[in-house]
Amino acid sequence: MSAAAAQETHATSGSRRPVIAVLDYGSGNIHSAVKALQAAGGDVHLTRDRGLIREADGLVVPGVGAFQAVMEQLRSVRGGEVIERRLAGGRPVLGICVGMQVMFEHGIERGVDTEGLGEWPGVVEELKAPIVPHMGWNTVEAGEGSRLFRGLEDERFYFVHSFAAQEWTLEPQRPLPPAVVTWAQHGGRFVAAVENGPLSATQFHPEKSGEAGIRLLRNWIESLPGATL
């Protein structure tokens with residue numbers, strides 16, 4: 001079913017749930033993300049159909065595992081191309097965990113330097129912490145003006161990762177507003193979430209973060225153009 005057909009179906013039934021495409025490219029844990037997005041109010045489609053991905057109100061790019069493996073899987077379905085086209089048209093994209101990491105220029109894991117999608121400058125590297133992976137619940141320092149974390153500033157979210165972006169170097173590009181960057185601590189500061197125009201992403205797993213994660217996904221869905229939850 002195309003995004004237009006899905007929207008027409010829900011309009012006929014009196015519902016206006018935004019159509020969310022979850023990119024199906026072989027990365028694990030996708031079904032948990034689908035269920036969480038459904039609970040947050042989305043009309044969710046797990047798909048690699050380029051037409052649906054292009055037309056959907058929002059695109060979610062989940063990801064688990066190694067940076068290099070996720071990039072290979074994305075390339076196999078030309079995922080980088082569809083992400084770039086959506087962003088060029090100002091259409092919202094949400095990356096989760098490694099789906100966030102690959103938005104940066106490079107990822108270095110076990111000495112292997114892998115080129116990312118390059119939507120943001122910077123490198124994803126191993127956390128400088130006495131214990132890795134960083135696994136479990138943690139608080140975040142929500143960026144000023146965050147829409148994702150509205151009403152969730154004191155909540156805890158679930159992290160499972162050994163690597164992260166530990167600097168934010170993107171300069172504001174006027175007249176566009178500056179990116180809203182949220183940080184967390186594990187050994188040192190790392191980027192926990194970014195809201196940058198149509199591209200948002202979280203290092204933690206909203207789908208594993210209980211009610212707080214559902215509310216964060218709902219905040220994102222409500223921010224989509226035309227959303228009327």
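Condition check: closer than 23 Å to LEU46 by Cα, open to solvent by less than 40 Å² (accessible area, probe 1.4 Å) and touching a helix residue (DSSP H, G or I) at 6+ places or on another chain (Cβ under 9 Å). Does VAL82 satisfy that? For VAL82, the condition - closer than 23 Å to LEU46 by Cα, open to solvent by less than 40 Å² (accessible area, probe 1.4 Å) and touching a helix residue (DSSP H, G or I) at 6+ places or on another chain (Cβ under 9 Å) - is met. Being of a type in the set (Ser, Thr, Tyr) and farther than 21 Å from TRP220 by Cβ is the filter here; which residues of the stretch 45-91 pass it? Selection gives SER76 alone. Taken over the stretch 81-132, the criterion of being closer than 24 Å to ILE214 by Cβ, part of a strand (DSSP E or B) and either free of Cβ contacts under 8 Å to residues at least 60 places away in the same chain or of a type outside the set (A, V, I, L, M) (or both) is satisfied by GLY95 alone.
Hey, can you tell me all the residues within the stretch 182-224 that are closer than 21 Å to VAL124 by Cβ, open to solvent by 10 Å² or more (accessible area, probe 1.4 Å) and assigned to a helix (DSSP H, G or I)? Within the stretch 182-224, GLU207, LYS208 meet the criteria.
The set of residues in the stretch 142-172 that are part of a loop (DSSP other than H, G, I, E, B), aromatic (Phe, Trp, Tyr) and under 16 Å from the mean Cα position of the chain (by Cα) contains only PHE149.
Residues satisfying the criterion are absent from the stretch 64-78 (criterion: part of a strand (DSSP E or B), of a type outside the set (Val, Ile, Thr) and open to solvent by less than 10 Å² (accessible area, probe 1.4 Å)).
The values are calculated or read from the model by the stated rules, or taken from the named source; none is laboratory data. From a predicted model like this one, the values you see are computed outputs, not experimental measurements. Note that we place each Cβ from the backbone using ideal geometry, even for glycine, and neighbour counts take in every protein chain shown. Surface accessibility is based on the protein's heavy atoms, side chains included, excluding ligands, DNA and RNA. Shrake-Rupley method; radii C 1.70, N 1.55, O 1.52, S 1.80 Å.
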